[in-house]
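This report refers to the structure that appears directly beneath it.
The values are calculated or read from the model by the stated rules, or taken from the named source; none is laboratory data. In this text the structure is predicted, and so the values were computed from the model without any measurement. Note that we place each Cβ from the backbone using ideal geometry, even for glycine, and neighbour counts take in every protein chain shown. Note: accessible area is taken over every heavy atom of the protein model, side chains too, but ligands, DNA and RNA are not part of it. Shrake-Rupley method; radii C 1.70, N 1.55, O 1.52, S 1.80 Å.
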Amino acid sequence: MTTISASLEGPLTKSLTSTYTVGDYLATRFEQIGIRHCFMVPGDYNLILLDQLLRNKRVQQVGCCNELNAAYAAEGYARVNGVGALLTTFNVGAFSAFNGVAGAYAESLPVIFVSGGYNTNDPSANHLLHHTLGTHDFSYQYEAFRNVTCAAVRILCAENAPSLIDHAVLTALRERKPAYIEIACNLSDAPCPQPVPFDILLSSQPGSTRALRAAVESAATLLNNAKKPLLLAGVHLRAGGAIDAFRELAEAVGCGVAVMPNAKGFFPENHPQFIGVYWGGVSSAGCEPIVDWADLILAAGPLFTDYTTVGWTAMPHRERMIKADLRHVFFPEAEYTDVPLAEFLSALAKQVQKNDKTLLQYQRERKTLAETESHEADTTAPLTRAELCRQIQNDLDEKTTLLVETGDAWFNGMSMQLPEGARFEIEMQWGSIGWAVPATFGYAMGLEPGRRLVSIIGDGSFQLTAQEVANMIRYGQNTLIFLVNNRGYVIESEIHDGPYNYIKNWDYAGLISSFNADDGQGLGLKAKTAKELADAIKQARSHKGGPVLIECQIAHDDCSPELLKWGTKVALANGRSPRQV
Ligand code: TPU
């Protein structure tokens, strides 16, 4: 029988067994929270830890080409798996990963970031160490990561490992943000108690029942008195585990439902109440006038930024909005804290009356809007962006996740209609180019069997992290990448042009044979006409054993009209003069 002892220092742990180590403890927690893959780059501060983690056969180590890619891969994995893990060496590895960990914070994705640390004997011996700034301060990595994680712990004594690891992991899962765990390199194989089952630690975190009840009552009164209510889905619905509750509320009200651009896919696009993507002047057809016309908008988990509001031109007025965030609900004249989003939406669904005014008005408008024409292009004419989008749209099915990189790919992706079951991934809050290739790799690692991943990536973004395609080949992932070669940073050209927006051209399709080397099964194809693209997509559909990259060559100035409009407004917002004081 196992004895379970609770101590003042930390959570419950089973009694110490001599063979169990700090590394084992971490691996067990990974396994228990559903991490089956840990993205990593080895280095001498984490080698012992890697050996320890290898002892757990249910958590696979996945080597990446560099730590930035590993961080993006863990972030992509967290999107599909719910949580991801990343392991680097001290300073040189960790600082490379910084951008990706910060991105996971911005995107509200729990990534457990583990870094090897200095030997605990070194500070008192006054040693100087490699991979440091050459001073006796070894704390700046920890200090830096505290700013981009929801919990940051340093294991400098094996006895504290269980409570510190559990604190970091639990906080990351609760807050849907990355956590930081630094493990001194001489402690990874130190004896440590065996962990108790994880669910013992999971005390649910109920919000304040009174605040919840009051917020639901106020919201129900406002919604039931509104003449033209509308629901708006925001990006935090996923972090709040509130996607189903939002749908429940939407169906209870029966009104029009719009989604913000970074929440695309969080409400089914073939649902009869779906009225499109609300993105100000670049909204999908017929959506913007209805959102502007509504007299009450319940925005669930929104993040209003310069990008999502098109340079502050599409921000619903506070007076006609209920804004429900992860743990707060804001009313025009009151604010309730400690109200969990999913519980709020679900409870509200039980108190609202039907009102389909905004949906009916949208349906009337839709009828008057001309059907989007979807002509096939002349098959031998040079490939255009519109034709590329038409063919990608036709290639999407209910098993596809469409992942789009920062750039015109955002707008091309936004224009696609997702079939029932299809998913959509975008990194709009952090917007770091180079994200898509490694995130695609990580996402594919966590993908359920039978599903497929299609990514649209611009040439400029691709050049930052292209080498991770080699690992898609290594793991035989059947991803399809549309590499849009428009010879440069078109999104930047549209915001503000200059010679710096033009880049060296690469033979992108040709790269795949280099990455294949002797044993890879990747396929690189080029499409310069509609027919070449159609043939390439057909080949991609039947290709097995590795990714397919289709280099789609289009003219530099062939970008989406939405990018032009959005770019102009964002440039205006960016270019505002300083306020006079
Ligand atoms: O389709 P297109 O040409 O817009 O996409 P492409 O070729 O991928 O170009 C993207 C250009 C771009 C830059 C240079 N978009 N945003 N930026 C600024 C930027 C710079 N560095 C990072 C890490 N992230 C950024 N968003």
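Annotations for the structure displayed:
- Top-ranked residue in the stretch 570-581 [being open to solvent by 20 Å² or more (accessible area, probe 1.4 Å) and within 14 Å of the ligand (Cβ to nearest atom); ranked as farthest from D395 (Cα to Cα)]: N574
- Scanning the stretch 487-498 for residues that are surrounded by 13 or more Cβ atoms within 10 Å (Cβ to Cβ) and closer than 20 Å to T568 by Cβ gives G488, Y489, V490, I491, E492, S493, E494, I495, H496, D497.
- Helices (runs of 4 or more DSSP H) completely within the stretch 178-280 that count 1 or more residues being more than 30 Å from G116 (Cβ to Cβ), open to solvent by less than 20 Å² (accessible area, probe 1.4 Å) and touching a strand residue (DSSP E or B) at 6+ places or on another chain (Cβ under 7 Å): 209-225, 236-239, 243-253
- Pairs with Cβ under 7 Å, 6+ apart, first in the stretch 482-501 and within 23 Å of A527 (Cβ to Cβ) and among the aromatic types (F, W, Y), second near the ligand (Cβ under 8 Å from one of its atoms) and part of a helix (DSSP H, G or I): Y489/G460; Y489/N501
- Checking the stated criteria, N126 turns out not to satisfy the condition of being over 30 Å from P302 (Cβ atoms), at pLDDT 95 or above and open to solvent by 10 Å² or more (accessible area, probe 1.4 Å).
- Test result for A540, open to solvent by 20 Å² or more (accessible area, probe 1.4 Å), away from the ligand (no atom under 16 Å from the Cβ), part of a helix (DSSP H, G or I) and of a type in the set (G, A, S): no
- Set side by side, the residues A347, A342, A300 differ, and just one is surrounded by fewer than 22 Cβ atoms within 10 Å (Cβ to Cβ), touching a Gly at 6+ places or on another chain (Cβ under 7 Å) and at pLDDT 95 or above, which is A342.
- Residue in the stretch 549-556 that is under 21 Å from Q463 (Cα atoms), open to solvent by 20 Å² or more (accessible area, probe 1.4 Å), in contact (Cβ under 8 Å) with a residue 40 or more places away in the chain and touching a helix residue (DSSP H, G or I) at 6+ places or on another chain (Cβ under 8 Å) present: yes
Okay, residues lined up against (1) open to solvent by 20 Å² or more (accessible area, probe 1.4 Å); (2) charged (D, E, K, R); (3) within 26 Å of S432 (Cα to Cα):
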| site | (1), (2), (3) |
| --- | --- |
| N485 | no, no, yes |
| Y500 | yes, no, yes |
| D535 | yes, yes, no |
| L564 | yes, no, yes |
| T568 | yes, no, yes |
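Here's the yes/no breakdown for (1) small (G, A, S); (2) closer than 20 Å to I275 by Cα; (3) surrounded by fewer than 21 Cβ atoms within 10 Å (Cβ to Cβ); (4) more than 14 Å from the ligand (Cβ to nearest atom):
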residue: N394; (1), (2), (3), (4): no, no, yes, yes
residue: D397; (1), (2), (3), (4): no, no, yes, yes
residue: T406; (1), (2), (3), (4): no, no, no, no
residue: W410; (1), (2), (3), (4): no, yes, no, no
residue: G413; (1), (2), (3), (4): yes, yes, no, no
residue: Q417; (1), (2), (3), (4): no, yes, yes, yes
residue: E420; (1), (2), (3), (4): no, yes, yes, yes
residue: R423; (1), (2), (3), (4): no, yes, yes, yes
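- Pairing each residue of the stretch 24-43 that is free of Cβ contacts under 8 Å to residues at least 40 places away in the same chain with any residue that is part of a helix (DSSP H, G or I), provided the two are 6+ apart or on different chains, yields C-beta distances under 8 Å for A27/Q52; A27/L53.
- The one condition in (1) within 16 Å of the ligand (Cβ to nearest atom); (2) under 24 Å from the mean Cα position of the chain (by Cα) that K504 fails to fulfil: (2)
- Hits in the stretch 70-92 (condition: under 25 Å from L129 (Cα atoms) and not in a helix (DSSP H, G or I)): L86, L87, T88, T89, F90, N91
- Filtering the stretch 507-517 for residues that are within 16 Å of the ligand (Cβ to nearest atom), open to solvent by 30 Å² or more (accessible area, probe 1.4 Å) and on the phi > 0 side of the Ramachandran plot leaves an empty set.
- So D356, is it open to solvent by 20 Å² or more (accessible area, probe 1.4 Å), modelled with pLDDT of 95 or more, more than 13 Å from the ligand (Cβ to nearest atom) and more than 17 Å from F482 (Cβ to Cβ): yes
- Considering (1) farther than 21 Å from V153 by Cα; (2) open to solvent by 20 Å² or more (accessible area, probe 1.4 Å); (3) not β-branched (V, I, T), the lone condition that A73 does not fulfil carries the number (2).
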